[in-house]
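*Asks:* Right, I'll just put the structure down here and ask away after.
Just so it is clear, none of the values below were taken in a lab; they were calculated from the coordinates. Owing to the predicted nature of the structure, the values given are computational and were not obtained by experimental measurement. Methodologically, a virtual Cβ is constructed for each residue, glycine included, from the backbone with ideal geometry; neighbour enumeration extends over all protein chains shown.
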Amino acid sequence: MTDPTRDPYPTYAAMRSACPVQAVPTGSDGEAGSDGKARADRESGYLVLGYEEARQALADPRLSKDTAAFFAGRNSRRRMHPAVAQTMVATDPPRHTSLRKLVTRTFTTGAVTRLRPFIARTTDALLDRWPVGGQADLVADLAVPLPVIVICELLGVPEPDRPDVQRWSAELFAAGEPDLIDAASHSLAAYVTGLVAAKRARPGNSLLDRLIAARDGQDHLSEHELVSLAVLLLVAGHETTTNFLGNAVLALLQHPSALERLRTDPERIPAALDELLRYDPPVSTATFRFATRALTLGGTEIPADVPVLVNLGAANRDPKRFPAPDRLDLDREATGHLAFGHGIHRCVGAPLAKAEADIALRAILSRFPRLGLATPVDRLEWRRTRLMRGLVSLPVRTG
């Protein structure tokens, strides 16, 4: 039997074929496993697996992201710090609109283009440490440090603090370890609160400095919103890209002809990124939504006041939208994929993630033309998280 952690797509296909929107057991905190497996303390929610249904759900205003409103009055055993539990992605308009505007300008195409030289220098410095004709761990030696360095540089996080930030971020996605998640949320929020205080005392030119100016100026950004925005940018600013890079390189190593096409014609890489995102997205399931009223989705009646989760991995493999979805096809028109979400909550950092992946892939394929897997695919370890889809490590031969 296929291990759903290593390859969840057969499970997704079977579930989607049975019904594109179906009731599943969810945790008392609104969580659900992507495979819908039950635990004793679980209540009912809905999992969306079809592409059209997912696209509708991601943009439907009847499905709220306001976690604070949903959990008000509920007996939740979780003790996550509010600045982590209630970030911008857990708000609805009009507040979501105001918060998003504060960070969108940092991730425009023009702004990201200006970052490309720094990303390229960072990538080269990391790859300089790889032994030619030896082995490296693509995750630990590139996919983790590259986006961490970039987002921490943007936010003005001092270099000595970055390993702690990365560790707390990873712990936030530790499936089945609520105490660890809660502790990490408090550690990260406390760190960011201290960083804000330090930057107020000695202002600089980082993105966090600009958010502080907005908080202390006329944008009516509360202290809680300031800290939660910084937390969100730190976490989302690298976790997704780390998984994206690992998944993309693994997919190419499993498809040598596709890898060779990109190596010989690197100008194809930007277009190929969309198919790589569709094929094995870095986020398997979007953060949960809540039905504010009864609605019908994909022929399924969803009652009010229940959690709804959208399985992005299943939606991106829906044959009704992407023929032969289990085939990696670099000639496919895949820009309609949902790897970064859809609607007003679409990932604001998508341009940065794609720029980092573009630069990293160009450098890897140019510098290591004989790149190969250093361990069998069935021995690779995948992260066990409900939301993320990524490798723990990816040992590669560099020559």
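*Asks:* Put +1 on the Cβ of each Lys and Arg and -1 on the Cβ of each Asp and Glu in region 9-397; which of SER185, PHE368, PRO93 then has its Cα farthest toward the positive end of the dipole?
*Replies:* Highest projection toward the positive end goes to PRO93.
*Asks:* Now a separate question. Tell me what the chain gives for mean residue ellipticity at 222 nm when only DSSP H runs of n ≥ 4 count, each as -39,500 (n - 2.57), the sum divided by the residue total, rounded to 500 deg cm²/dmol.
*Replies:* Calculated mean residue ellipticity at 222 nm is -14500 deg cm²/dmol.
*Asks:* Let me ask something additional. Describe numerically, in nm with one decimal, the distance between label points set 7 Å from Cα along Cα→Cβ at THR97 and at ASP60.
*Replies:* 2.2
*Asks:* For ALA175 and ALA18, calculate 0.36 nm times their separation in residues minus their Cα-Cα distance, and state this gained length in nm to one decimal.
*Replies:* So the extension gain works out to 53.9 nm.
*Asks:* So how do LYS65, LYS320, LYS199 line up by other beta-carbon neighbours within 10 Å, fewest first?
*Replies:* Ordered by Cβ neighbours within 10 Å, fewest first: LYS320, LYS199, LYS65.
*Asks:* Need the C-alpha centroid separation for region 146-197 versus region 1-26, integer Å.
*Replies:* 32
*Asks:* Once Lys and Arg get +1 and Asp and Glu get -1 on their Cβ, which of GLY349, PHE322, PRO145 lies farthest toward the positive end of the dipole of region 9-397?
*Replies:* My answer, from the dipole projection, is GLY349.
*Asks:* Between beta-carbons, use under 11 Å as the cut-off and find the net charge around LYS320, counting Lys and Arg +1, Asp and Glu -1.
*Replies:* 0
*Asks:* Using the Cα centre as the reference, give the magnitude of the dipole from point charges on the C-beta atoms of the chain (Lys, Arg: +1; Asp, Glu: -1; all else neutral), rounded to the nearest 20 debye.
*Replies:* 420
*Asks:* Still on this model: Could you calculate the FRET efficiency of ASP378 with ALA183 from 1/(1 + (r/R0)^6), where r is the beta carbon distance between them and R0 is 41 Å, rounded to 0.05?
*Replies:* The pair ASP378/ALA183 has a calculated efficiency of 0.80.
*Asks:* Using the Karplus curve 6.51 cos²θ - 1.76 cosθ + 1.60 with θ = phi - 60°, what ³J(HN,Hα) values do you get for each residue of region 384-397, in whole Hz, with x for Gly and Pro?
*Replies:* 9, 10, 7, 9, 8, 10, x, 8, 6, 8, 9, x, 10, 8
*Asks:* 5 Å is the cut-off here: which amide hydrogens, built 1.01 Å from N in the peptide plane, fall below it relative to THR26, excluding neighbours closer than 5 in sequence?
*Replies:* Hits under the 5 Å cutoff: GLU43, SER44, GLY45.
*Asks:* Let me ask another. Can you tell which of PRO307, PRO82, PRO20 shows the greatest fluctuation in a Gaussian network model of the chain with Cα springs below 10 Å?
*Replies:* Evaluated over the chain, the most mobile residue of the options is PRO82.
*Asks:* For ARG202 paired with THR113, estimate the spin-label separation in nm (one decimal), with each label point 7 Å from Cα along the Cα-to-Cβ line.
*Replies:* With each label placed 7 Å out from Cα toward Cβ, I get 3.5 nm.
*Asks:* About the Cα centre, and with charges only on the beta carbon of Lys, Arg (+1) and Asp, Glu (-1), how big is the dipole of region 133-236? Nearest 20 debye, please.
*Replies:* Value, rounded to 20: 380 debye.
*Asks:* Continuing with the same structure: Once Rh is set to the Kirkwood radius over Cα pairs, what Stokes-Einstein translational diffusion coefficient, in µm²/s, holds for the chain at a temperature of 20 °C and a viscosity of 1.002 mPa s?
*Replies:* Stokes-Einstein gives a translational diffusion coefficient of 99 µm²/s.
*Asks:* Give me, ordered by chain and number, the residues 5 or more places off LEU295 or on other chains with an amide H under 5 Å from its own placed amide H.
*Replies:* Distant-sequence amide H within range of LEU295: ILE302.
*Asks:* Quick one: order ARG16, ARG79, ARG370 by neighbouring beta-carbon count within 10 Å, fewest to most.
*Replies:* ARG370, ARG79, ARG16
*Asks:* Just to be sure I understand the rule: take each whole DSSP H helix in the chain, project its Cα atoms onto its long axis, keep it if the span is 24 Å or more and its mean Kyte-Doolittle hydropathy is at least -1.0. Which ones pass?
*Replies:* Going by DSSP H runs, the hits are 109-127, 178-201, 223-253, 350-367.
*Asks:* While we're on this one: Rank ARG362, ARG100, ARG261 by mean-square fluctuation in a GNM of the chain with C-alpha springs under 10 angstrom and give only the top-ranked residue.
*Replies:* Evaluated over the chain, the most mobile residue of the options is ARG261.
*Asks:* Considering only LEU226, GLY134, PHE288, whose Cα is most displaced toward the positive end of the charge dipole of the chain, charges sitting on Cβ of Lys, Arg (+1) and Asp, Glu (-1)?
*Replies:* Ranked along the dipole, the leading option is LEU226.
*Asks:* Please give, to one decimal in nm, the separation of the simple spin-label points placed at SER44 and ARG129, each 7 Å out from Cα toward the Cβ.
*Replies:* Roughly 5.2 nm, to one decimal.
*Asks:* So what are region 278-391's ellipsoid semi-axes, whole angstrom, largest first, if each one is the square root of 5 times an eigenvalue of the alpha-carbon gyration tensor?
*Replies:* Over the Cα atoms of region 278-391, the semi-axes work out to 32, 16, 16 Å.
*Asks:* Sticking with this structure for a sec: In terms of modelled amide H atoms, which long-range or inter-chain residues lie less than 5 Å from the amide H of ARG386?
*Replies:* Hits under the 5 Å cutoff: ALA175.
*Asks:* Something else about it: Would you kindly state how much longer the chain becomes between ALA271 and VAL392 on full extension, computed as 0.36 nm times their sequence separation minus their alpha carbon distance, in nm to one decimal?
*Replies:* Roughly 40.9 nm would be gained on extension.
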